[in-house]
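The structure appears below as structure tokens.
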Amino acid sequence: MEELALHVLDLIQNSLEAGARHLVLTVVEDRAQGVLTVQLLDDGRGMEAATQQRVFDPFFTSRTTRRVGLGLPLLRATAEATGGLAELASRPGEGTRVQVVVYTRHIDCPPLGDLALTVAVSVAANPQVEFCYTHTVDGRSMEFDTAELRSQLAEVPLSDPAVYQWMLAFLREELSKLYGGAKCNEIPSRS
Amino acid sequence: MKSLADLERVRLEAQERMRLRESGASSKLTVAMGTCGIAAGARDTLAALLDEIAKRRLAHVHVVQTGCVGLCEYEPLVEVTLAGQDKVTYTYVNAERARQIIARHVVNGQIIGEWVLARS
Ligand SMILES: Nc1ncnc2c1ncn2[C@@H]1O[C@H](COP(=O)(O)OP(=O)(O)OP(=O)(O)O)[C@@H](O)[C@H]1O
Ligand SMILES: [Mg+2]
């Protein structure tokens, strides 16, 4: 994947396929240290310990459309190539947590990419899901919570295309503020 | 935060569109978003569909995502289901094709034969 934000989209799709109703995405970047962590929590069906051991193996998948599951192995390869890691913890019936650490100064670290777009399309295409996203850069944070939007929007659904445009503009603006004015899709990966 | 005032305007306009909207007939666009789809550019496809629908103020078109449908070599894939019609599956739907599919198929009812993989 060319962007970390595409791996995040892929994790979100895993959670949705597991029937998640609530997603909590937490991104923390420390530019002085060159460390970026991503955590995605879901309340989907989760999995047994025996399954958990195998999810990073490409020849394990619960899907029936294809014999390999590529998302998590690719994510781990990306993270480990920077000296970082990708881990998954899960409890059946409760949910799953995926945690990723990447070292952004490593030459093989992909750029963060358009995380605003990843989040906005995910909300618009899954308006029934509650999505809480916080992003912290060098100690300054922004929060995006569909529960708050939902109450402000009243009967207008989060899938409304004009709402999508607003969400995208809002997220891009907030992220560019966090990153000191750079455009969200032009965030330098190694500052 | 100035943007919340914008959101209120968005809400009022959306409410108005919902009020004006005739009957319940609606169309559905499904984008396949397994790892195969995402790697092939499905996020930009989904974004282009949503953006085009917003620009044209189409109130009756829903965009949803699904996982891998087993046709990985044809990604990005978009299924179009117009009210009361067969499902049409389009292949290699980049952002440009996505906008064309809205303009020609969803709005004008003309299936774009050369991009179609299957009808069912
Ligand atoms: N959030 C989650 N909740 C429950 N199960 C999960 C979750 N994420 C992954 N899994 C399980 O791990 C398997 C492997 O995931 P992975 O993303 O690597 O491949 P995939 O989703 O099956 O296919 P692909 O990502 O290639 O489209 C999944 O098939 C699923 O069984
Ligand atoms: Mg996956």
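Quick check on my filter: what residues within segment A:12-31 are hydrophobic (A, V, I, L, M, F, W, C), in contact with a Ser or Thr (Cβ under 6 Å, 6 or more places away or on another chain) and either at pLDDT below 95 or farther than 15 Å from residue A:123 by Cα (or both)?
A:28
Return only the number of the condition from (1) exposed (fewer than 15 other Cβ atoms within 10 Å of the Cβ); (2) over 15 Å from residue A:40 (Cβ atoms) that residue A:160 does not satisfy.
For residue A:160, the failing item is (1).
Inside segment B:1-115, counting only helices (runs of 4 or more DSSP H) that do not spill past its ends, which hold 1 or more residues that are within 11 Å of chain A (Cβ to nearest Cβ) and without any contact (Cβ under 8 Å) to a residue 12 or more places away in the chain?
By residue number, B:3-20, B:35-40, B:42-55.
Considering segment A:57-69 alone, what residues qualify as being near ligand 1 (Cβ under 6 Å from one of its atoms) and open to solvent by 70 Å² or more (accessible area, probe 1.4 Å)?
Once the filter is applied, which keeps residues that are near ligand 1 (Cβ under 6 Å from one of its atoms) and open to solvent by 70 Å² or more (accessible area, probe 1.4 Å), segment A:57-69 yields only A:62.
Name the pairs: first residue in segment A:69-82 and under 17 Å from residue A:39 (Cα atoms), second residue away from ligand 2 (no atom under 12 Å from the Cβ) and assigned to a helix (DSSP H, G or I), Cβ to Cβ under 8 Å, at least 6 apart or on different chains?
A:78/A:4
Could you say whether any residue in segment A:60-83 is farther than 27 Å from residue B:62 by Cα, β-branched (Val, Ile, Thr) and at pLDDT 95 or above?
There is at least one residue in segment A:60-83 that is farther than 27 Å from residue B:62 by Cα, β-branched (Val, Ile, Thr) and at pLDDT 95 or above.
Scan (1) within 14 Å of chain B (Cβ to nearest Cβ); (2) among the hydroxyl-bearing types (Ser, Thr, Tyr); (3) surrounded by fewer than 20 Cβ atoms within 10 Å (Cβ to Cβ) for the single condition residue A:26 breaks and write down its number.
Looking at each condition in turn, residue A:26 falls short on (1).
Using the structure shown, decide if residue A:122 is more than 29 Å from residue A:34 (Cα to Cα) and within 14 Å of chain B (Cβ to nearest Cβ).
So residue A:122 does not fit the description; no.
Do we have any residue at all in segment B:8-19 that's open to solvent by less than 10 Å² (accessible area, probe 1.4 Å) and of a type outside the set (S, T, N, Q)?
yes
Do the conditions hold for residue A:54, that is, is it open to solvent by 70 Å² or more (accessible area, probe 1.4 Å), within 9 Å of ligand 1 (Cβ to nearest atom) and in contact (Cβ under 8 Å) with a residue 24 or more places away in the chain?
The answer is no for residue A:54.
The values are calculated or read from the model by the stated rules, or taken from the named source; none is laboratory data. On a predicted model such as this, the values are computed, not experimentally measured, just so you know. Here Cβ is always computed from backbone atoms with ideal geometry, including for glycine, and neighbour counts include all displayed protein chains. When the accessible area is computed, the model is the full protein with side chains, heavy atoms only, and any ligands, DNA or RNA have been set aside. Shrake-Rupley method; radii C 1.70, N 1.55, O 1.52, S 1.80 Å.
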